[in-house]
Amino acid sequence: MPSPSSSDTRGLRAAAWALRAQFFVSGALFATWGVHVPSVKSHYGLGEQSLAVAMLAAGVGAIAALLQAGRIVARHGPRRVALAMGVLSAACIGALLASRSYGALLGVMLAYGASASLFDVAINAEASEIERRAARPLMSGFHGMFSLGGMVGAGAGSALAAAQVAAVPHLAGAALACSALVLAACARMLPRVDGGPQEGTPLSLPRGPLALLGLLAAIGLVAEGAMYDWSVLYLRQEIGTAAATAALGYTSFSAAMAAGRFGGDALRARLAPVAVLRGSGTLGALGMALALLVPHPAAVLVGFALVGLGFANIVPVLFSAASQVPGVSPAHGIAAVSSAGYLGMMAGPPAIGFIAEGRSLGAGLALVVLFAAAVALAARRALPR
């Protein structure tokens, strides 16, 4: 019979692969929403401001859920929370075009923001536990699966658009496939791990030494949120590309981010965190500047890819730093910084939308350049050791 240690190793390996599937689902759902932002805009007859309000509804749902995420995950465990919230977030994506009512769309986006944020906290809580048990860097690879899911989701959207498949069956098929993957993966997750803050303690925003880490996570994830929600529309509306080509904007971003994250653990083993963070912010700023200053589809796709490559390891570096703050438990540090980061991901796209309504979408996306530069400039102060 196998020794307990080898059995435990196999169980941990299976749980790690199950978690990779969950990160893949999270990325695929975000990408499916991003690909169909133009579909939602057309279906409901929305302007940029009304569309931004719908995105803001998702942010409100996320914020409300994050205030209780630590308590919920600690009480029920990551596996149960991931199961319920993963299926619910997939159902919300499937229901995006199920009505003609703008109020119904706001309700769906509110539910999607809440369920997606809880799903995200649950799988990140398990990721930190698996990394602790494995005693080696794994976080970048887990987040790489999120990017891979985004690439596959956007690629599928591009292929189906080229094949003239309507948006409604695509959304329904994506929801069913992602739900099935969540159900299968949850069966192999760890039976029970500590999900972060102790039960009865809500997930708080970062304070003290965690404050700057949280701020950088928030502004860093603005770029990811911008790519999810606005990259396809930017190519279609500002550059004038066809739907199938526009969908490749998100694909190029996600593919580069996935590549950067899959190589991120090796990169972090060779370079100091300050150098990784500074280089990441600089590359992200240059990539977005290229996409905005050279209005040609090829240049925009290259620029979006550079943004993805640049921002690939910002979150893993910040999460690692948060887990090592003196006097703060690793779980609480990661939870606090991830909550701030998620607020940036959800609040950034609506802010870009309001700027787009008043000026242009390009002007709104210029925020990404400023925020990426801020990450590079603040790297030394955020990571003094």
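The values are calculated or read from the model by the stated rules, or taken from the named source; none is laboratory data. Note that the coordinates shown come from a computational prediction; the quantities given were computed from them, not determined experimentally. Reconstructed Cβ throughout: ideal geometry from the backbone, glycine too, with neighbour counts over all protein chains shown. In case anyone asks, the SASA skips ligands and DNA or RNA and just uses the protein heavy atoms, side chains included. Shrake-Rupley method; radii C 1.70, N 1.55, O 1.52, S 1.80 Å.
Computed quantities for the displayed model
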read-out: Of all residues making up the stretch 131-182, the number that are touching a helix residue (DSSP H, G or I) at 6+ places or on another chain (Cβ under 7 Å) and assigned to a helix (DSSP H, G or I); value: 35
read-out: Among the candidates L118, L110, residue that is touching a residue at least 24 places away in the same chain (Cβ under 8 Å), open to solvent by 40 Å² or more (accessible area, probe 1.4 Å), touching a helix residue (DSSP H, G or I) at 6+ places or on another chain (Cβ under 7 Å) and within 15 Å of M345 (Cα to Cα); value: L110
read-out: Identity of the residue in the stretch 146-183, surrounded by 24 or more Cβ atoms within 10 Å (Cβ to Cβ) and touching a Lys or Arg at 6+ places or on another chain (Cβ under 9 Å), that ends up farthest from G27 (Cα to Cα); value: S147
read-out: Residue in the stretch 12-43 that is farthest from V108 (Cα to Cα), counting only those that are open to solvent by 30 Å² or more (accessible area, probe 1.4 Å) and in contact (Cβ under 8 Å) with a residue 60 or more places away in the chain; value: L12
read-out: Evaluation of C186 against (1) at pLDDT 85 or above; (2) farther than 21 Å from A57 by Cβ; (3) open to solvent by 20 Å² or more (accessible area, probe 1.4 Å); (4) not small (G, A, S) (one fails), failing number; value: (3)
read-out: Residue check, G77 in a helix (DSSP H, G or I), at pLDDT below 90, crowded, with 18+ Cβ neighbours inside 10 Å and on the phi > 0 side of the Ramachandran plot; value: yes
read-out: Residue under evaluation G264, criteria (1) open to solvent by less than 50 Å² (accessible area, probe 1.4 Å); (2) more than 18 Å from the chain's Cα centre (by Cα); (3) within 20 Å of M139 (Cβ to Cβ), criterion not met; value: (2)
read-out: Among the candidates V307, V294, residue that is β-branched (V, I, T) and open to solvent by 10 Å² or more (accessible area, probe 1.4 Å); value: V294
read-out: Wholly enclosed helices (runs of 4 or more DSSP H) of the stretch 240-329 bearing at least 3 residues among the aliphatic types (A, V, I, L, M), out of contact with any Ser or Thr (no Cβ under 6 Å at 6 or more places or on another chain) and without any contact (Cβ under 8 Å) to a residue 40 or more places away in the chain; value: 273-293
read-out: Selection within the stretch 36-55 - in contact with a Leu (Cβ under 9 Å, 6 or more places away or on another chain) and under 22 Å from H170 (Cβ atoms); value: H36, V37, P38, S39, V40, K41, H43, Y44, L46, L51, A54
